[in-house]
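Accompanying notes for the structure given below.
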Amino acid sequence: MTASFPFHSDLPDTAEAGVYHTHPRCRIGQGIASASRVAGTGVGRRECPFCFMLGQFQANRALRGYSYLSALAGAVPGQGANMAGKGQEQPCP
């Protein structure tokens, strides 16, 4: 079964009762059994703070030209090939 986003849990009295999930890598959302998932944001629920942070992180990296594929290849934007992986701090652009 494919995961659909956003979703919320139909279980009452749980930590995620008042939130909906929007990011597939959210650990809280991953812990919700597929049988307990309800598609949509739900009424009066707010976005899960972890999903929000993951979305912001992903958006910021995309703005800087960073992709997960370049990370797998060892390329880091703004650094030469001889600097990658040396642990030297670089100023933020």
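Suppose the filter is at pLDDT 90 or above, loosely packed, with under 15 Cβ neighbours inside 10 Å and of a type outside the set (S, T, N, Q); does Pro49 pass it? Yes: the conditions hold for Pro49. Listed by first and then second residue, the pairs with beta-carbon distance under 6 Å, at least 6 apart or on different chains, first residue in the stretch 20-49 and more than 10 Å from Phe5 (Cβ to Cβ), second among the charged types (D, E, K, R) and crowded, with 17+ Cβ neighbours inside 10 Å, are Ile28/Glu16.
The values are calculated or read from the model by the stated rules, or taken from the named source; none is laboratory data. Bear in mind the structure is a predicted one, so any value in this text is a computation, not a measurement. Positions of Cβ are generated from backbone atoms using ideal geometry, with glycine treated the same way; all protein chains shown enter the neighbour counts.
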